[in-house]
Amino acid sequence: MRSTGSWYTVKLEEDGQRVNCRLKGKFKQDRERFTNPIAVGDRVEVDIEPGQKTGIIGKIYPRENYLLRMSTRMRHGRHIIAANLDRAVLVATVRFPKVKPGFLDRFLLSCEAYHVPAVLVFNKKDLYGSEDLDRYKSLRDIYEPLGYPCMLVSAVSKEGLGDLKKLLQGSTALMAGHSGVGKSTLINTLYPYFELKTGELSRQTGKGKHTTTFAEMFEIKEGGYVIDTPGVKEMSIADLEPEEVAGYFPEMRARMHECRFSNCMHINEPGCAVIEAVQEGKIAFSRYENYLHIVFDLQELKKW
Ligand code: GDP
Ligand code: ZN
């Protein structure tokens, strides 16, 4: 449910009790693959220490999926944010602060790459003027056909919150979002009993400073879990090869087998079905542009 460095809060399946646990030494080796050997959402086996209230985690079950966070400190550090997710919910706003399509596409790419279904929630509807609503609709028209449901909500007027609650109930969802979009307000409005720590801390530290906040899993009374990810700015895509990226853009994946060359990167090759679809307006230009940015970034990263 929670980790704070060397201690882990584990919820026992048998009786729902929470136990503070430590990790058996052997898992420390895993730090070569991941900077944290165990993450929120992991399913584990625990031995309760005789005569004590604490336990030892002796086994971690294989993960169905997970998401990684960008590690600024260590270029090659791979830090698992959370594992075994039914979906990832990105909270954004079209204004206050305005979402960048590049950020949406990177988030969706990491969800695709790590097999986590994604939902886009646009908050602060109460503040939207007609231009903002048009902006939301144009984003929805891009993303929903690709398989990413979009929701328009307001934590203040409570519009759309019923649908969001229904979506979250009975499943395990990670909630992500840039600071200021209202993620904490949303979660607090939906589930006041979570006792979420507010975003004050991470906002005060501002840019460039490392926040030491950890992802935490909260239990919904009616069933299901919400994972809050304070301080997570971006998911990592550093593990991907440039050649893989198109396969994680659903609209490119659907067309790339029609490209003349089987190793087409969809950049400037003749007979490219992806470029053709962009020219015909069947693939959103913003998506294609961000695809190119991501591929070039990954190519740069590989040179290091
Ligand atoms: P977080 O950084 O994403 O957790 O954002 P907060 O929940 O701390 O909210 C940032 C600011 O946006 C606060 O001043 C909130 O009161 C405000 N806010 C959150 N949701 C809404 C909303 O739906 N409408 C309006 N008008 N303001 C909101
Ligand atoms: Zn192509």
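Criterion first (touching a Leu at 6+ places or on another chain (Cβ under 7 Å), within 21 Å of H178 (Cβ to Cβ) and either of a type in the set (F, W, Y) or open to solvent by less than 20 Å² (accessible area, probe 1.4 Å) (or both)) does I57 satisfy it?
no
Against the definition (in a loop (DSSP other than H, G, I, E, B) and modelled with pLDDT under 90), how does S3 come out, yes or no?
It is false that S3 is in a loop (DSSP other than H, G, I, E, B) and modelled with pLDDT under 90.
Give the residue that is nearest to S171 (Cα to Cα), with candidates limited to residues of the stretch 81-139 that are part of a loop (DSSP other than H, G, I, E, B) and β-branched (V, I, T).
Selected residue: V116.
Look through E241, E216 and report the one residue that is within 16 Å of ligand 1 (Cβ to nearest atom) and either under 20 Å from the mean Cα position of the chain (by Cα) or modelled with pLDDT under 95 (or both).
E216
Is it fair to say S154 is small (G, A, S), open to solvent by 60 Å² or more (accessible area, probe 1.4 Å) and either more than 27 Å from E244 (Cβ to Cβ) or more than 15 Å from ligand 1 (Cβ to nearest atom) (or both)?
Against the criterion (small (G, A, S), open to solvent by 60 Å² or more (accessible area, probe 1.4 Å) and either more than 27 Å from E244 (Cβ to Cβ) or more than 15 Å from ligand 1 (Cβ to nearest atom) (or both)), S154 does not qualify.
Can you name the residue in the stretch 252-274 that is out of contact with any helix residue (DSSP H, G or I) (no Cβ under 6 Å at 6 or more places or on another chain) and under 26 Å from H115 (Cα atoms) and is also farthest from ligand 1 (Cβ to nearest atom) among such residues?
S262
Any residue in the stretch 224-244 that is closer than 23 Å to K183 by Cα sitting within a Cβ distance under 6 Å of a residue that is open to solvent by 10 Å² or more (accessible area, probe 1.4 Å) and hydroxyl-bearing (S, T, Y)? List the pairs, counting only those 6 or more apart or interchain.
G224/S171; Y225/T172; P230/S202; P230/T213; G231/S202; G231/T211; G231/T213
Show the residue pairs that are 6+ apart or on different chains and have beta-carbon atoms under 7 Å apart, the first residue being within the stretch 112-126 and not assigned by TED's automatic domain parsing to the domain that holds L161, the second being open to solvent by 10 Å² or more (accessible area, probe 1.4 Å) and near ligand 1 (Cβ under 10 Å from one of its atoms).
Hits for this filter: zero, empty list.
Restricting attention to the stretch 263-277, report how many residues are within 28 Å of the chain's Cα centre (by Cα), within 6 Å of ligand 2 (Cβ to nearest atom) and among the hydrophobic types (A, V, I, L, M, F, W, C).
The total comes to 1.
What is the number of the single condition among (1) touching a Ser or Thr at 6+ places or on another chain (Cβ under 7 Å); (2) assigned by TED's automatic domain parsing to the domain that holds K183 that T35 does not meet?
Single failed check for T35: (2).
Counting just the residues of the stretch 86-106 that are open to solvent by less than 10 Å² (accessible area, probe 1.4 Å) and more than 14 Å from ligand 1 (Cβ to nearest atom), which one comes out nearest to the chain's Cα centre (by Cα)?
Once the filter is applied, the top-ranked residue is A88.
The values are calculated or read from the model by the stated rules, or taken from the named source; none is laboratory data. All of these numbers come straight from a predicted model, not from anything done at the bench. For neighbour counting, all protein chains shown are included, and Cβ atoms are generated from backbone atoms with ideal geometry for every residue, glycine included. What goes into the accessible areas is simple: the full protein's heavy atoms, side chains included, and nothing from ligands, DNA or RNA. Shrake-Rupley method; radii C 1.70, N 1.55, O 1.52, S 1.80 Å.
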